[in-house]
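Input: a single structure, listed below in structure tokens.
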Amino acid sequence: MQSVTITLDGREVSGYPGMTILELARESGINIPTLCYDPHLSSIGACRVCLVENEQSGALLASCVTPIAPGMVINTHSPRVTGHRSTIVKLMLASHPDSCLVCDKGNRCQLRQIASDMGIGLSEFQRIPQMAAIEEVNPFIERDASKCILCAKCIRACQELAVEGAIDYFRRGFTAKPATLNDLPLEDSECSFCGTCVALCPTGALMEKERAYRGTTKTATQTTCPFCGCGCSICLEVKDNHVVRVTPGKQDAVNHGTLCVRGSYGCDFIHSPDRLTKPLVKANESFEEVSWEQALELAATEFKRIKDKHGPDSLAVLGSSKCTNEENYLLQRFARCVLGTNNIDNGSSLYNAATRIGLGTSIGFPGTTNYVSALEESEVIIAIGADPPSSAPIVGYTIKRAVKYKGAKLILIDPRRTKLSSFAYLWLRPKVGTDVALLNSLAKVIIDEGLLDEEFVARETDNFEACTKTLEEYSPEYAEAITGIASKEIRAAARLYAAASQAAIVYGSGITQHTSGTDSVKALANLAILTGNIGRRGGGIYALQRENNAQGACDMGALPNFLPGYQNVSDAQARRKFEDRWGVSLPANPGLTALEIVEQARQGKIAGLYIIGENPVLSFPHSSLVTQALTSLDFMVVQDMFLTETAKLASVVLPATSFAEKEGTFTNFEGRVNQVRKAIEPLGQSLSDWEIILRLADKMGCPLPFSSLQQVMDEVEELVPLYEGYADSQRLHEDELSIREAGRSYRGQLLRGFARFSPVQYTPHVPRQIRGREGKAPFLEAKEGYPFTLLTGTILYHFGTGTRSSRAWRLKKFSPQSFVEIGEADAQKLGISHCDKVSVISPVSKLTTIAKIIDGLPEGTLFMPISFPETPVNGLFDITLDPEAKTPSLKACNVRIERVGPHGEKEDSRTS
Amino acid sequence: MAKKKIVAQADLARIETVIAEYQNERWALLPLLERIQQEFGFIPPSSIGLIAKGLRLFPAQVQGVITFYAQLYTTPRGKNIVRVCRGTACHVRGGKTILKLVKRHLGIQEGEITPDFEYSLETVACIGCCALAPNMVINRNIYGRMNPKKVALIFGQHGRQ
Ligand code: SF4
Ligand code: SF4
Ligand code: SF4
Ligand code: FES
């Protein structure tokens, strides 16, 4: 490409064609003030503050929208330019209230910064009357149109980045302002309170509403969001050891200047009064505060006693998909070297084991095969069993951007109406649990109509014939009978997907948490390799992870059957590598999975349990059985930030720090390794999980040979092939923005060199029947009279089982109580009206909540969010396992619903 | 109010067929809005969502365009639009009095609509024939050299005393 040379303030500089004057100036170190420009947004030249002068023509140009042309002579700060610029700023000030002294935007206000840089004080222009602020009841965002300079950053952020389209210009002239449809408060619009507009607004027109601190902080730390698997870069602003504000971070290859409501306003949990600050030991049914010394001593002695008495396999460890990679690495080493057992698993196993096995078998890589940003280049996107706008908002934004601005076509496969439905080109609504039949049928159509990528299939796959044979019977008509989707639509979807030169599949726990999860994942992978959509620019498989470090916890070997880097524990050679490095001999038999640990505890075979940052009482199915199992343990240590439902059952509770108080890395669902940096000192006596693990190992008399996190990283790099180069990237200084896209990510080639078709069959879901290990008695007998299928999922304003989000006061205030969604027809039949109190009853449990009538749910289906600790939805589930992944079904179960007492008052429960 | 609702509801089906002609054509927003307004006299707010969906725009975007143009209306207007000129030339020649008289005849203020939906009253800044001041326009007809008698006559002729 030919470069373009222009003269900028008397200096010759060159840029590439199409570059704007502003971009080139910034690159050349010349500062041109801007108000409406942002690199993440399309430029519209609205504010004119960036104007510059073309010396040859005398024209004044808005530099943010003017491309450079060869031979241009541009002045950015000539007297004429500064004169006009200052007039513009003064005009803005004339229509702006003189409230700077009391405005909380303070020194962060860009209008004020520019005015003071230019030496402008009060404006001599006649003042223009101002508008009234809008009353909002939401706890997140406050708007004051009188301070608005109409730069439209918020409008563009909402339309181009978050793609909610909640706001746009409203009216014209002096009365113009950004407004929602019908000028209503934000909570009555499409707004999802992502906070992107607030972060971009140059003035005090958009502000955080209920804010912990009103000033400008001096310290800010770039770190990674602790909620979902997207792994957004966030910036924690700190005042007096308090995190007072969260804004989108600078290392934003994932989130591009956006966040979601959880990232922006959900970190309040860090300073929740519920935080544990001292170690607790249970004595006579109540907890007593003790010193670290005492607590660790007790834990060490008990673990040692149990190990000596019942052998190492009577101990088990439950690691956390929320802790850092380093902590998970240390924890598995603790389990294997110090305790001497492979009984270690992490909470994400409940939903991602199907991905690990399914994708592992098919493509030889246990995770997402492409970057989120590449989704925007896809021509066709299949989203199945996932509600990204709630569970992985960044993926939601990306899909919406692809559809809205890049012409991608979305095939949405979801029985429930979600935010994506209105973006879908085809919306298929299969009966719950029939995904395999649908996916097989799509594959069959592609093969029958010759739409497959024959070259790819011949060159890079095997087992094609076997797979074709199983597909025989899955004609669209057959699939229609099972799934309820018209055969015509199945054909259309197959053709659409196969015709695209780059097509992506996005799936989430709606796939992996069914009993047929592993099969569905394989069927999805079959589709992708059939069409050669692996390793292509905009193609691939995106396996959404629910938690921030679900991927990392598994990569680090917090798994019963894998050493770090998915090296099989039963493989002697793999074991030897670790034995040599660690200087111990490792147990060769695979350990117990999370659910097996609980089950064996119930049977008395596990006597001691060490749980870090997990809350099985709420997150596992069948709470009462889990509680029973955990209480029957000899000894349990729970290490957490809060006294969770699980911690209450423990013998010793160790106070852990939040993500804001520690260093380390999280691996997001793409496989990107993101840095976690310490923003504040640990609260009270709490300690980082990694420090606690090291201390406990010391106390047990088997110290782990690490004195710093860097040493842990170095060892990870050495032993985990996927993390090659990662320790180095962690040495980057905080100011360096380019986190290296370290080794973990999929590199485009098939690791094994080929992909394998895995024939899978649709097996009808037999409700309430146990398909676990042989010889095990079912927990419960089947019962009649449960006509509804209850679907569960995440809602945007909460997270996981709600341990943290229910303690984030703004989230809690906005979405205070749980609910069950029911379709209008069903509600009418049962005489249930909106906001009625209802009971949801499954064969194993029952809970009471509020009914919310919505449209968009198929008849006979209910939906409940899992994140409210008061209504433990997972407790309704029986333990029904995926035969291969041994993961429980936590997505759909059979229930009935009944109204309790009189009709409730019809107030709107503002949720979801 | 009730009447307004009924009008809007009856029209929605028709509006949908008009929108269908412009399906997915983002550029067609203005022509579409003009057509709807021509046919129904105004753009019912309840149609904004439909328009947005048809053209694949955000509802707030559609509203932004409607509220930007003074000539696009989201409230019903009378069958006949009366515009009294408040430009300088008309003002000098008694435009203010004409407006007062028209208001009295119609029994409404400017920006309002008669209860029987016959007349809307608006003011304009100039209609481009100052030589005939003071001026008034009803629908597409210009009435120049207005005086109180003429006001009475015109509104008599339009079926009003
Ligand atoms: S509210 Fe803020 S971001 Fe939006 S237009 Fe006004 S000044 Fe710009
Ligand atoms: S918070 Fe997000 S969704 Fe709401 S108006 Fe701002 S950008 Fe749009
Ligand atoms: S919860 Fe997920 S999408 Fe939201 S800010 Fe955090 S990482 Fe980003
Ligand atoms: S920054 Fe260029 S016009 Fe606003």
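The values are calculated or read from the model by the stated rules, or taken from the named source; none is laboratory data. From a predicted model like this one, the values you see are computed outputs, not experimental measurements. Cβ coordinates were reconstructed from backbone atoms using ideal geometry, including for glycine residues, and neighbour counts include every protein chain displayed. Heads up: the accessible areas ignore ligands, DNA and RNA and are worked out on the full protein's heavy atoms, side chains in. Shrake-Rupley method; radii C 1.70, N 1.55, O 1.52, S 1.80 Å.
Values for this structure:
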{"item": "Residue list for the stretch A:32-82, restricted to those being more than 11 Å from ligand 4 (Cβ to nearest atom) and among the acidic types (Asp, Glu)", "result": "A:GLU53, A:GLU55"}
{"item": "Which numbered condition A:ALA316 fails, given (1) in the same structural domain as A:GLU661 (by TED's automatic domain parsing); (2) more than 23 Å from A:ARG602 (Cα to Cα); (3) not acidic (Asp, Glu)", "result": "(2)"}
{"item": "Residue pairs meeting the criteria (Cβ under 6 Å; at least 6 apart or on separate chains; first assigned by TED's automatic domain parsing to the domain that holds A:GLY535, in the stretch A:368-379; second modelled with pLDDT of 90 or more and open to solvent by 30 Å² or more (accessible area, probe 1.4 Å))", "result": "A:GLU376/A:LYS406; A:SER378/A:GLN502; A:GLU379/A:GLN502"}
{"item": "Out of A:SER57, A:SER95, sole residue that is over 14 Å from A:THR34 (Cα atoms) and open to solvent by 60 Å² or more (accessible area, probe 1.4 Å)", "result": "A:SER57"}
{"item": "Among the candidates A:SER63, A:SER86, residue that is in contact with a Leu (Cβ under 7 Å, 6 or more places away or on another chain) and among the hydroxyl-bearing types (Ser, Thr, Tyr)", "result": "A:SER63"}
{"item": "Residue match in the stretch A:110-117 (condition: acidic (Asp, Glu), surrounded by fewer than 22 Cβ atoms within 10 Å (Cβ to Cβ) and away from ligand 1 (no atom under 14 Å from the Cβ))", "result": "yes"}
{"item": "First in the stretch A:439-459 and free of Cβ contacts under 8 Å to residues at least 12 places away in the same chain, second anywhere and in a loop (DSSP other than H, G, I, E, B) and among the hydrophobic types (A, V, I, L, M, F, W, C), Cβ under 9 Å, 6 or more apart", "result": "A:ARG459/A:PHE754"}
{"item": "Test result for B:GLN109, open to solvent by 70 Å² or more (accessible area, probe 1.4 Å), within 14 Å of chain A (Cβ to nearest Cβ) and assigned to a loop (DSSP other than H, G, I, E, B)", "result": "no"}
{"item": "Condition check for A:GLU124: more than 16 Å from ligand 3 (Cβ to nearest atom), among the acidic types (Asp, Glu) and outside any loop (DSSP other than H, G, I, E, B)", "result": "no"}
{"item": "Residues (part of a helix (DSSP H, G or I), among the aliphatic types (A, V, I, L, M) and surrounded by 16 or more Cβ atoms within 10 Å (Cβ to Cβ)) located in the stretch A:428-474", "result": "A:VAL436, A:ALA437, A:LEU438, A:LEU439, A:LEU442, A:ALA443, A:VAL445, A:ILE446, A:ILE447, A:VAL457, A:LEU471"}
{"item": "Selection from the stretch A:480-497 of residues that are under 33 Å from the mean Cα position of the chain (by Cα), modelled with pLDDT under 95 and either on the phi < 0 side of the Ramachandran plot or outside any loop (DSSP other than H, G, I, E, B) (or both)", "result": "A:ILE482, A:THR483"}
{"item": "Residue satisfying condition, being open to solvent by less than 20 Å² (accessible area, probe 1.4 Å), of a type in the set (A, V, I, L, M, F, W, C), assigned to a loop (DSSP other than H, G, I, E, B) and more than 16 Å from ligand 2 (Cβ to nearest atom), within set A:CYS151, A:CYS64", "result": "A:CYS64"}
{"item": "Options A:THR355, A:THR369, A:THR341: the member that is under 21 Å from A:GLY229 (Cα atoms), open to solvent by less than 10 Å² (accessible area, probe 1.4 Å) and part of a loop (DSSP other than H, G, I, E, B)", "result": "A:THR369"}
{"item": "Residue within the stretch A:388-400 that is within 14 Å of another protein chain (Cβ to nearest Cβ) and modelled with pLDDT of 95 or more present", "result": "yes"}
{"item": "Flag if A:HIS40 is in a loop (DSSP other than H, G, I, E, B) and within 16 Å of ligand 2 (Cβ to nearest atom)", "result": "yes"}
{"item": "Count of residues meeting criterion [within 28 Å of the chain's Cα centre (by Cα) and not in a strand (DSSP E or B)] in the stretch A:634-647", "result": "7"}
{"item": "Options A:ARG245, A:ARG211; residue that is within 16 Å of ligand 2 (Cβ to nearest atom), surrounded by 18 or more Cβ atoms within 10 Å (Cβ to Cβ) and more than 14 Å from chain B (Cβ to nearest Cβ)", "result": "A:ARG245"}
{"item": "Residue list for the stretch A:546-575, restricted to those being open to solvent by 10 Å² or more (accessible area, probe 1.4 Å) and either at pLDDT 95 or above or assigned to a loop (DSSP other than H, G, I, E, B) (or both)", "result": "A:ARG546, A:ASN561, A:GLY565, A:TYR566, A:SER570, A:ASP571"}
{"item": "Complete set of residues in the stretch A:142-159 that are away from ligand 4 (no atom under 16 Å from the Cβ) and either farther than 14 Å from A:CYS201 by Cα or modelled with pLDDT under 95 (or both)", "result": "A:GLU142, A:ARG143, A:ASP144, A:ALA145, A:SER146, A:LYS147, A:GLN159"}
{"item": "Candidate set from the stretch A:179-205 (those that are closer than 27 Å to A:LYS406 by Cβ and facing another protein chain (nearest Cβ under 9 Å)); member that is nearest to ligand 1 (Cβ to nearest atom)", "result": "A:THR180"}
{"item": "Total residues in the stretch A:401-427, condition assigned to a strand (DSSP E or B) and away from chain B (no Cβ under 13 Å)", "result": "5"}
{"item": "The stretch A:225-242 - residue that is out of contact with any Cys (no Cβ under 7 Å at 6 or more places or on another chain) and within 11 Å of ligand 3 (Cβ to nearest atom) and, of those, nearest to the other protein chains (Cβ to nearest Cβ)", "result": "A:CYS230"}
{"item": "Scan of the stretch A:163-177 for residues that are more than 7 Å from chain B (Cβ to nearest Cβ) and at pLDDT 95 or above, ordered by number", "result": "A:VAL163, A:GLU164"}
{"item": "Verdict on A:ARG804 being within 16 Å of ligand 3 (Cβ to nearest atom), surrounded by 20 or more Cβ atoms within 10 Å (Cβ to Cβ), modelled with pLDDT of 90 or more and farther than 18 Å from A:SER391 by Cα", "result": "no"}
{"item": "Matching entry among A:LYS322, A:LYS304, A:LYS309 (being of a type in the set (D, E, K, R), under 17 Å from A:ILE611 (Cα atoms) and surrounded by fewer than 24 Cβ atoms within 10 Å (Cβ to Cβ))", "result": "A:LYS304"}
{"item": "B:ASN147 away from every other protein chain (no Cβ under 14 Å), open to solvent by 40 Å² or more (accessible area, probe 1.4 Å), modelled with pLDDT of 90 or more and more than 30 Å from B:ILE15 (Cβ to Cβ)", "result": "yes"}
{"item": "Helices (runs of 4 or more DSSP H) fully within the stretch B:8-92 counting 3 or more residues that are within 13 Å of another protein chain (Cβ to nearest Cβ) and farther than 30 Å from B:CYS129 by Cβ", "result": "B:48-55, B:59-68"}
{"item": "Filter result for A:GLY613 (at positive phi and touching a residue at least 60 places away in the same chain (Cβ under 8 Å))", "result": "yes"}
